[in-house]
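Here the structure is laid out as structure tokens; the discussion comes afterwards.
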Number of protein chains: 2
Amino acid sequence: MANIKDVAQMAGVSVATVSRVLNHHPYVSEDKKAAVLRAMEQANYNRNINAVHLSKGQTNLIGVVVPFSNHPYFGLLIEGIANEALRQNYKLVLFQTNYETDRELEALAMLKDKQIDALIICSRISPWHLIEEYLSYGPIVVCENTRGTNVSSTFVDHYGSFFQALEYLHSKGYRKIGYCLGREMGANSDLRRTAYQDFLQKYKLAFNPNFVFYNCFNFEDGEHVLNRITEMESPPAALLISSDQVAAGILTCCKVRDMAVPDQLALLGFDNQPIAKIMNITTLEIPLVEIGRKLFAQAIEEGISSQEEIAVKLIERQTV
Amino acid sequence: MANIKDVAQMAGVSVATVSRVLNHHPYVSEDKKAAVLRAMEQANYNRNINAVHLSKGQTNLIGVVVPFSNHPYFGLLIEGIANEALRQNYKLVLFQTNYETDRELEALAMLKDKQIDALIICSRISPWHLIEEYLSYGPIVVCENTRGTNVSSTFVDHYGSFFQALEYLHSKGYRKIGYCLGREMGANSDLRRTAYQDFLQKYKLAFNPNFVFYNCFNFEDGEHVLNRITEMESPPAALLISSDQVAAGILTCCKVRDMAVPDQLALLGFDNQPIAKIMNITTLEIPLVEIGRKLFAQAIEEGISSQEEIAVKLIERQTV
DNA sequence: TCTTGCTCTGAAACGCGTTTCATAAACTAA
DNA sequence: TTAGTTTATGAAACGCGTTTCAGAGCAAGA
């Protein structure tokens, strides 16, 4: 396998000049450039990427940590990240953690080893102090409010948007409001729970633990929710659902059971996923693809750190 | 950042000895080994992985090409691959192609650049001759019959298993049999189509183009299938469905519409995914996790190439 | 006692592209 | 014409761990 030295010799130039041609450096005369290109062609030259990595001290690989890559929420996020990665000539290494600590640690270890230039954590399971330990090895970008730290992030104000959603339902006359979340634990869930409590307090509404549904991730989880609701003597009149996917599942079940939406049960989703549009679900749009783009940009941004809060937008359709 | 030289100096040994300690070479005396470990600790030494890659000429990274990582079929395959990768201390780079040629080419380019040691293609879109061009750069392992070539593969005899499934339905008395596939094009679809034609011929059954359903990938695609079937004057009595996921979707719809399974419509799935067990779907088990393991083993197996055919197993449950 | 064969260690070569520094030539502005 | 840029190019240093080769020391077997 020919290397840069061979090519240099064949073209009658120094390796530095070959390197310049390889990297499109402007200061190379046309004739030498042509000679180098010819030599590369002849020798069937292939740049040794590992030598480049060693020399540059970077790999153009960015790690992305997600709990599930199959979920539309993360799917859209990944899409945004991948778009930007392509544009900037980076590749992605995907870590699907299933919320297992070890998988997350693997990703952090790769950052430490400089096998990836930066790490984007879309949703974490590890405690924050553990993440912090790895900050010195390379940029880590997350999806939660990191204001006051030097960690970059792009995030949604989950407290504010949840509160906003509750206010909207309240303004529509709903008083018995329940909500569906994914994980019971986790930074975002905490924020939403707090928003809910504060909302109840504001309007002097009583807390009903039956109105809280956890482990709502996918379409099929909607059925479980509706099963519980139909068994209740005093069911909620509206549901705030942290994922359109689940909202769609609930809505589908409602149709099957001839439950009128929104009259018997109002549904307010989150994300504005494609399925929400198709099924006419009222939702709070979260521009996930755009968030993905920003996360990537932050991952490769040099020196500085930045925190960006993303606004959500209410999309009124027919389920509230 | 300390390097191996610094550590060697601190420990009073040569870099070779430090390298031996790092790589658990047996011939290092206990005291020197201890000294090296102490020095590494003190210097907060971190091995530069890119230097290792350059030196070894490999990266311990294996590329995995799938069309969708969110589909249970590929999810299980990936699980098997990932298990084995973990065991053998390799990392995976996942390429989700969405069946776009460019994404597949990206993966092949990384193989060419030796940024990955091998490539596992779970389902391809590129023509075979294009894949072949990259064989000289590193091992490529695929999921289709490559007997007679020097390409390693682990595959299911799709012709045989489809035929077997059709025979089973026939033996149960079904004559009007339809089938659902994913892609219309693709090596596996061709095989299955041929099996179907041959089956019809064998039993002198007429071909009905309405009994063929394409683009059946996910749970929700089951609804489309059933919609078409309910509109037919002369619907199929049994369906052979190339994914349990779709079979589950169809079965769910049947329940909603009070259609008796298998009396009004028999369903025979493929894969034996978890959902098939839960929903009691008769299916042909494909040991996807096991196939994943084998694919990975083949990817890192030195020198030789091997082709392994995997047997499927009929699991009789309650939908036929 | 002499081989033979381990065990242990270090020097040096190797993998290979990037980048800095020095230098020379060519050009521009004063 | 002189000073100051800009363009162009090569030598050499740099990033850093692995591996081969040679040799020393020591023990077991002949």
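The values are calculated or read from the model by the stated rules, or taken from the named source; none is laboratory data. Only a predicted model underlies this, so the values are computations on that prediction, with no experimental measurement involved. Here the Cβ is made from the backbone with ideal geometry for all residues, glycine too, and neighbour counts use every protein chain on show. These accessible areas exclude ligands, DNA and RNA; they are computed on the full protein's heavy atoms, side chains included. Shrake-Rupley method; radii C 1.70, N 1.55, O 1.52, S 1.80 Å.
The ratio of the alpha-carbon radius of gyration of the stretch A:4-47 to the globular-protein estimate 2.2 N^0.38 Å is 0.96.
The stretch between A:Q201 and A:E220 holds 3.6 nm of extra length on full extension. This uses 0.36 nm per residue minus the Cα-Cα distance. Across the stretch A:243-259, rounded Karplus estimates of 3J(HN,Hα) from the backbone phi angles (6.51 cos²θ - 1.76 cosθ + 1.60, θ = phi - 60°) give 8, 4, 4, 5, 4, 5, x, 5, 4, 4, 4, 4, 4, 4, 8, 6, 9 Hz, Gly and Pro being marked x.
Relative to the longest principal axis of the Cα atoms of chain B, helix B:187-202 runs at roughly 30 degrees.
For the pair the stretch B:219-233 and the stretch B:180-209, the centres of their Cα atoms are 19 angstrom apart. For chain A, A:C122, A:C143, A:C253, A:C254 stand unpaired, since no other cysteine beta carbon lies under 4.7 Å from theirs. Just how many % of Cα pairs in the stretch B:107-148 lie over 16 Å apart, if you round to the nearest whole percent? Beyond 16 Å sits 28 percent of the P(r) for the stretch B:107-148.
Heavy-atom accessible surface of the stretch B:126-247, averaged per residue, reaches 45 Å², computed with a 1.4 Å probe. Think of each Lys and Arg Cβ as +1 and each Asp and Glu Cβ as -1; about the Cα centre, that makes the dipole of chain B roughly 520 debye. Dividing the mean sequence gap of close Cα pairs (under 8 Å, 6+ apart) by how many residues chain B holds gives a relative contact order of 17 percent.
Rounding to the nearest 10 and keeping the result within 0 to 90°, find how far the Cα-based axis of helix A:30-43 lies from the longest principal axis of chain A. Taking Cα atoms only, the helix is inclined about 80 degrees. Students often get this wrong, so check it: of A:K33/A:K294; B:K255/B:K294; A:K114/B:K56; A:K112/B:K56, which have C-alpha atoms separated by over 27 Å? Beyond 27 Å between Cα atoms: A:K33/A:K294; B:K255/B:K294.
Inter-copy label distances for A:K204: 8.5 nm (label point placed 7 Å from Cα along Cα→Cβ; shortest first). Extending 7 Å from Cα along the Cβ direction at A:A16 and again at A:E132 yields two label points whose distance is 4.7 nm.
Each part gets one Cα centre, and for the stretch B:1-39 versus the stretch A:240-291 those centres are 60 Å apart.
When the stretch B:78-230 is described by a simple charge dipole with +1 on each Lys and Arg Cβ and -1 on each Asp and Glu Cβ, the residue from B:T154, B:G178, B:A82 located farthest towards its positive end is B:G178. Treating only the Cα positions of the stretch B:65-177 as identical point scatterers, give the base-10 log of I(q)/I(0) from the Debye formula at each q in 0.11, 0.17, 0.19, 0.20 Å⁻¹. Taken in order of the listed q values, log10 I(q)/I(0) reads -0.44, -0.88, -1.04, -1.13. Summary of the geometry: the stretch A:71-113 and the stretch B:104-165, compared by the centres of their Cα atoms, lie 25 Å apart.
Please report the carbon-and-sulfur percent of the accessible area for the protein assembly as shown; probe 1.4 Å, protein heavy atoms only, DNA, RNA and ligands left out. Whole-percent figure for carbon plus sulfur exposure: 48. For the protein assembly as shown, the convex hull spanned by the alpha carbon atoms encloses 200 Å³ per residue. When only the Cβ of Lys, Arg, Asp and Glu is charged (+1, +1, -1, -1), the dipole of the stretch A:4-47 relative to its Cα centre reaches about 120 debye. Other residues within the sphere of radius under 11 Å centred on the Cβ of A:Q96, judged by their own Cβ, net out at -3 (K and R +1, D and E -1).
Where only DSSP H runs of four or more residues are counted, chain B gives -13500 deg cm²/dmol as its mean residue ellipticity at 222 nm, each run worth -39500 (n - 2.57). Counts of other chain beta carbons within 10 angstrom of each beta carbon in peptide B:113-119 average 3.
At a Cα cut-off below 29 Å, give the lysines reachable from B:K204, other chains included and same-chain residues fewer than 8 away excluded. Of all the lysines, those that pass the test against B:K204 - Cα under 29 Å, at least 8 places apart if same chain - are B:K172, B:K176, B:K313.
Projecting the Cα positions of A:I4, A:G249, A:L94 onto the charge dipole of chain A (unit charges on Cβ atoms of Lys, Arg, Asp and Glu, taken about the Cα centre) puts A:I4 furthest along the positive direction. Sorting B:E84, B:E184, B:E167, B:E302 on solvent-accessible area from highest to lowest, probe radius 1.4 Å, gives B:E302, B:E184, B:E167, B:E84.
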